[in-house]
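Everything on this sheet refers to the single structure shown next.
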Amino acid sequence: MVEPTISITESPFEFYTRYYQAIAASPANSTYCKHLFGCDMGQHGFAEISHLDHLGKICELGPGIQALDLGCGDGRIAEYLSDSTGVKITGIDWIPQAIQQARARTEDKQDRLTFQAMDMDDLKFSPASFDVINAIDTLYFTQLAPALYRILPLLRHGGRLAAFFSQGAPMGMPLDQFDRSTIQPDRTELADAFNKLELIYMTWDYSHADYEHAQRKQFIAESLQAEFAAEGNLFLFENHLAEAIGVQTAYKAGAHARYLYLITL
């Protein structure tokens with residue numbers, strides 16, 4: 001899989017705690033998101049607005065639907081999906097500060113949006129609580145098959161699980177050692193977990209769109225390097241740039257792919 005670029009000196013929890021603290025007061029990152037994604041939703045990843053709209057369409061998000069957003073961060077993507085479709089969303093994330101930001105920003109939308117600090121490895125919901133579960137580049141932080149055993153019972157009959165998932169050469173692995181067959185839609189780590197559970201899934205290939213996004217990501221990040229540095233947030237620039245270069249390099253070598261997966265129970 002292609003994981004977010006994180007300093008080797010800190011854990012993912014430490015990185016994302018620092019990340020959400022920084023972007024809350026970073027004009028440079030806000031500009032970066034607006035130029036790259038079309039609006040500032042605190043994005044850390046590759047899901048553009050049109051990609052989110054596609055997810056909302058295939059999940060049939062709308063009024064009367066109860067959805068769970070796994071790894072919602074500061075909740076701005078969940079808020080966008082709710083604002084644009086009317087769906088009720090519960091967002092969870094393991095970074096308490098991000099959840100605090102989400103709650104404070106959406107106080108007037110509590111009829112549609114709920115946020116809880118929670119680890120996806122310890123979900124505290126009753127079975128059949130949701131119609132839809134979204135995982136937008138968040139399933140890299142758990143053991144997939146055990147996680148699906150916990151997640152799928154939370155869906156009602158006819159419920160849908162949608163996940164954006166990228167697969168490619170891990171950081172530090174020489175590209176000539178990477179098994180390129182694993183980037184096929186039925187061979188990724190997520191597909192392998194689905195197959196083990198005998199789940200039927202649909203896929204949409206976002207690989208080339210991901211490559212084009214990475215090209216824009218690099219250009220926009222580099223154009224804002226001075227602004228990030230002036231804020232003392234050079235680590236944000238370095239992270240965005242490393243992601244962009246990593247995806248482009250792997251894709252051109254045939255060692256990167258990205259898919260949107262959908263399961264309907």
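Descriptive notes on the structure:
- Efficiency of FRET from Cβ geometry, residue 143 and residue 180, R₀ 30 Å, rounded to 0.05: 0.80
- Using 0.36 nm per residue and subtracting the Cα-Cα separation, the extra length available between residue 157 and residue 126 on full extension is 9.8 nm.
- Measuring between their Cα centroids, the stretch 175-192 and the stretch 221-259 lie 23 Å from each other.
- Summing +1 for each Lys or Arg and -1 for each Asp or Glu among the other residues whose beta-carbon sits under 15 angstrom from that of residue 29 gives -3.
- Label reach from residue 100 (point 7 Å along Cα→C-beta): in the stretch 115-137, amide nitrogens under 17 Å belong to 115-118.
- Using a Förster distance of 25 Å, the FRET efficiency for residue 235-residue 171 (Cβ separation, nearest 0.05): 0.95
- Working note: 222 nm ellipticity from helices only, DSSP H runs with n ≥ 4, each -39,500 (n - 2.57), summed and divided by the residues of the chain, gives -13000 deg cm²/dmol to the nearest 500.
- Between residue 53 and residue 111, the simple spin-label model (points 7 angstrom out along Cα→Cβ) gives 2.6 nm.
- Within the straight-line cut-off of under 20 Å between alpha carbons, the lysines reachable from residue 88 are 57, 109, 124, sequence neighbours fewer than 8 places apart in one chain being disregarded.
- Under 5 Å from the amide H of residue 115 lie the amide H atoms of 91, each residue being 5 or more positions distant or on a separate chain, with H modelled from the backbone and absent for Pro and chain starts.
- Applying the criteria of a DSSP loop state and at most 15 other Cβ atoms within 10 Å to the trypsin sites (Lys or Arg not before Pro) of the stretch 85-124 yields 124.
- Using the Karplus relation 6.51 cos²θ - 1.76 cosθ + 1.60 with θ = phi - 60°, the per-residue 3J(HN,Hα) values for the stretch 108-125 come to 8, 10, 5, 6, 10, 10, 10, 10, 9, 6, 7, 8, 5, 7, 9, 6, 10, 10 Hz, with x marking Gly and Pro.
- The stretch 27-173 shape via C-alpha gyration tensor axes, a/c threshold 1.5: rounded
- Highest mean packing comes first when the peptides 128-137, 19-28 are listed by Cβ atoms within 10 Å, giving 128-137, 19-28.
- Value of relative contact order over the chain, rounded to a whole percent, pairs C-alpha under 8 Å and six or more apart: 21 percent
- Think of each Lys and Arg Cβ as +1 and each Asp and Glu Cβ as -1; about the Cα centre, that makes the dipole of the stretch 145-265 roughly 480 debye.
- The charge dipole of the stretch 60-219, taken about the Cα centre with unit charges on the Cβ atoms of Lys, Arg (+1) and Asp, Glu (-1), comes to about 260 debye, rounded to the nearest 20.
- Distance (nanometres) between label positions extended 7 Å along Cα→Cβ at residue 222 and residue 265: 4.7 nm
- Prolate/oblate/rounded call for the stretch 164-218, Cα gyration tensor, a/c under 1.5 rounded: oblate
- Converting phi to 3J(HN,Hα) with the Karplus coefficients 6.51, -1.76 and 1.60 and the offset θ = phi - 60°, the stretch 229-245 yields 5, 5, 7, x, 10, 4, 5, 5, 4, 4, 5, 4, 5, 5, 4, 4, 5 Hz in sequence order, with x at every glycine or proline.
Read-outs: derived from the displayed coordinates by stated rules, not from any lab. Predicted, not measured: the structure shown is a model, and the values here were computed from it. We place every Cβ from the backbone using ideal geometry, glycine too, and count neighbours over all the protein chains shown.
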